[in-house]
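Throughout, read-outs are computed from the coordinates displayed, never taken from laboratory work. Only a predicted model underlies this, so the values are computations on that prediction, with no experimental measurement involved. Using ideal geometry, Cβ is built from the backbone for each residue, glycine included, and neighbour counts are taken over all protein chains shown.
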Amino acid sequence: MSDKPRVAVLSGFGINCETETMAVFEMAGATADRIHVNRLVNGEANLSDYDIMAVPGGFSFGDHLGSGRLMGNRLRFGLRDQVRAFVTAGKPVIGICNGFQVLVKMGLLPGDEEVSLTQTASLALNDIGRYDDRWVTLEFDQSSPCVWTRGIERIRVPVRHGEGKFVTDDRGLLDKWADSGQLVARYVDPSTEYPGSSDEVLPYPVSPNQSWRNVAGVCDPTGLVFGLMPHPEANHSTWLGATWTREDVEHGEGEGMAIFRNAVEYVASRSR
């Protein structure tokens, strides 16, 4: 029997990034299973058997009624007890792109200490009014409690979304989330030195969606639940990088892998 951390990678209803999400966790030293959401809802599988949960990117339910809305409701109402138990047990969760939209719209992110699953933010239509596919640079808050981003200053990753503008109807919450380190990932101008993140909204295309405070990803108060719009799993190897042929780099691990290694190492350290 393997003692590697086990990852539940959700599938179904238009999610389409399961394979690469499973691959990066396995590259990071875990084992990953693709599990259709219906199997969790009807009891054929249970989240309690896993150490990490991942909600991959895609177009769940065709993005009808808004990106991530229907899948978020599916998890919030169909898996409410399982998800709450998973998080309160101290197990890491990640949502990528559509998965981030799902976690925000089900209320797991930015979240609260009670895991009340109350929605407090959203991902709105990009200011350019359309889907955008490009490479961006992310900067991470080193004071954040996020276990997924420990030790990472910046990475280059692609975005592929039409609704990625992080907003809230209570602007005061932005200060609260910033103070607690929950605004963990922000778009940043790569020509600036670290730390270079700013609350002033950066111009397109540095910020591909005009998120408030350039937010690209957030974590919950514990730092265990993390979501981001860009795709770190799409930069798991150097040869996937947009400019690698013009850089003096050898074939090797891509910049996005550090995020998944952090989570796998966190789980492994708890079992020692």
Q) Can you give the helix-only mean residue ellipticity at 222 nm for the chain, where every DSSP H stretch with n ≥ 4 adds -39500 (n - 2.57) and the sum goes over all residues, rounded to the nearest 500 deg cm²/dmol? A) -6500 deg cm²/dmol
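List the trypsin sites (Lys or Arg not before Pro) within the stretch 164-211 that fall in a DSSP loop (any state other than H, G, I, E or B) and whose Cβ has at most 16 other Cβ atoms within 10 Å.
When the trypsin sites (Lys or Arg not before Pro) of the stretch 164-211 are filtered for loop state and at most 16 Cβ neighbours within 10 Å, ARG171 remain.
What does the C-alpha gyration tensor say about the overall shape of the stretch 73-128? Classify as rounded when a/c is under 1.5, otherwise prolate if a/b is larger than b/c, or oblate.
prolate
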Q: Multiply the residue separation of THR238 and ASN73 by 0.36 nm, subtract the distance between their alpha-carbon atoms, and state the gained length in nm to one decimal.
A: 55.7 nm
Q. Using only Cα atoms, what Kirkwood radius does the chain have, in angstroms?
A. 18.3 Å
Q | Alpha carbon Rg of the stretch 88-174, scaled by the compact-globule rule 2.2 N^0.38 Å | A | 1.17
Q.
If I take R0 = 30 Å and measure r between the Cβ atoms of ALA268 and HIS36 in this structure, what FRET efficiency does the formula 1/(1 + (r/R0)^6) give, to the nearest 0.05?
A. 0.65
Q) Tally Lys/Arg at +1 and Asp/Glu at -1 over every other residue whose Cβ is under 10 Å from the Cβ of GLY29; what's the total? A) 0
**Q.** Selection of trypsin sites (Lys or Arg not before Pro), the stretch 99-135, meeting DSSP coil and at most 13 other Cβ within 10 Å
**A.** ARG130
**Q.** Lone cysteines, the chain (no partner Cβ under 4.7 Å)
**A.** CYS17, CYS97
Q: Just round it to a whole percent: the fraction of Cα-Cα distances in the stretch 142-243 exceeding 22 Å.
A: 28 percent
Q | Under Karplus coefficients 6.51, -1.76 and 1.60, residue-wise ³J(HN,Hα) of the stretch 205-213 in Hz, glycine/proline x | A | x, 4, 9, x, 9, 6, 3, 4, 6
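DSSP beta bridges in the chain, what fraction antiparallel, as a percent rounded to 5?
55 percent
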